[in-house]
Amino acid sequence: MRIAVVADLHANLPALRAVLRDMAALECDRMWCVGDIVGRGPHPNEVIQELRRVEVPTVQGNWDEAVGLRREHAGANWPTPEAEAEGQASLAWTIERTTDEQRAWLRQLPAMLRFELEGRSVLLFHGSPVRQNEYLWRDRPSRVFARVGSDQGDDLICFGNTHEAFHRVVGKSHFVAAGSVGCGTASDPNACYAVIDVAGPEMTVNFRSVPYDHAAVDADMLAAGLPPSLLWVPPEPHLGLEAEAHRLVEAEA
């Protein structure tokens, strides 16, 4: 069985459609979404509609919760005050552009999903089991991942929020950070998602980098009055890293 895991779509419709085409070419059997469907990008209603059309298991990200509840802050970490101001403007713009129906759909998304897959327990969340806006960076201490694995007890744990793409095995748990469909990173501007192949007791994880029309998205961002950098500047990976790691361990104690 082949499963595609997408994260952090961030209202980027061309990126999502490119990923869906790539999934079809790979003949993926299932697709899971680990949140942040909206925010930052210029196509919130269209991305929600596309995701609802394909009817996949989806959890709520911090941006989804903020837009659904019309919050003043999305709970994201920003590297500079200027970036934070741009993010706040994006949140306000997204809340005003999404329909009542789409915001209601975002509100009803669960924070976590747990189910069985061929004898394995699978857990989906956006940031961490504690908070949607937690950051489980790849260089977090092993004890943080070990505590999550021990407390949750799942074989496969998929999440997003950091925009990083990595596979880490701690104890019996496979942790898969699914990258970001909608936001590029400094090393790769393309849409990124995870592909998990399960065959009996074996499980392999790979990541796909999918090109799409960046110029068209930039034009749509500018037309909406949003800076294109919202989709190309990654979160700051070491913003409060040690404090965040300590808080996660303490919160789960």
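The values are calculated or read from the model by the stated rules, or taken from the named source; none is laboratory data. Here the structure is a predicted model, which is why all the values come from computation and not from measurement. Note that we place each Cβ from the backbone using ideal geometry, even for glycine, and neighbour counts take in every protein chain shown. Accessible surface is based on the protein model in full, side chains and every heavy atom, while ligands, DNA and RNA are left aside. Shrake-Rupley method; radii C 1.70, N 1.55, O 1.52, S 1.80 Å.
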Any idea what the alpha-carbon Rg over 2.2 N^0.38 Å comes to for the chain? 0.94
The range 151-214: Kirkwood hydrodynamic radius (Cα pairs, Å) comes out at 12.7 Å
Keeping every protein chain present and rolling a 1.4 Å probe, give me the accessible area per residue for the range 1-93 in Å². 38 Å²
Which longest uninterrupted range of the chain lacks any trypsin sites (Lys or Arg not before Pro) assigned by DSSP to a loop state (not H, G, I, E or B) and surrounded by at most 16 other Cβ atoms within 10 Å? 173-253
Taking every pair of distinct Cα atoms and averaging 1/r, then inverting, what Kirkwood hydrodynamic radius in Å comes out for the range 31-97? 12.4 Å
Enumerate by residue number the GluC sites (Glu not before Pro) in the range 88-176 meeting two conditions: DSSP loop (anything except H, G, I, E, B), and at most 13 other Cβ atoms within 10 Å of the site's Cβ. Glu118
Compute the relative contact order of the chain as a whole-number percentage, counting only Cα pairs closer than 8 Å that sit 6 or more residues apart in sequence. 24 percent
Given a 1.4 angstrom probe, I'd like the percentage of the accessible area of the chain that is carbon and sulfur, rounded to a whole number. 50 percent
Run lengths n ≥ 4 of DSSP H only: what is the helix-derived mean residue ellipticity at 222 nm for the chain, with -39500 (n - 2.57) per run over all residues, to the nearest 500? -11000 deg cm²/dmol
Which residue, Asn190, Val170, Ser180, has the largest displacement toward the positive end of the dipole of the chain when charges sit on each Cβ (Lys, Arg +1; Asp, Glu -1)? Val170
Once label points are set 7 Å from the Cα along Cα→Cβ at both Leu222 and Arg71, what is their separation, rounded to one decimal in nm? 3.3 nm
Can you tell me, using C-alpha contacts under 8 Å and at least 6 residues apart, the relative contact order of the range 98-213 as a whole percent? 16 percent
Any chance you could run the full-extension gain for Ser150 through Asp100? It's 0.36 nm times the residue separation minus the Cα-Cα distance, nm to one decimal. 14.1 nm
For the range 5-155, treating each Cα as an identical point scatterer without solvent, what Debye log10 I(q)/I(0) comes out at q = 0.21 1/Å? -1.36
Taking the Cα centre as origin and putting +1 on Lys and Arg beta-carbons and -1 on Asp and Glu beta-carbons, what dipole magnitude results for the chain, to the nearest 20 debye? 360 debye
Just need the relative contact order of the range 3-53 here, percent rounded to a whole number, with Cα pairs under 8 Å and 6+ apart. 52 percent
Taking the Cα centroid of the range 79-125 and of the range 168-185, what is the distance between the two, rounded to the nearest whole Å? 17 Å
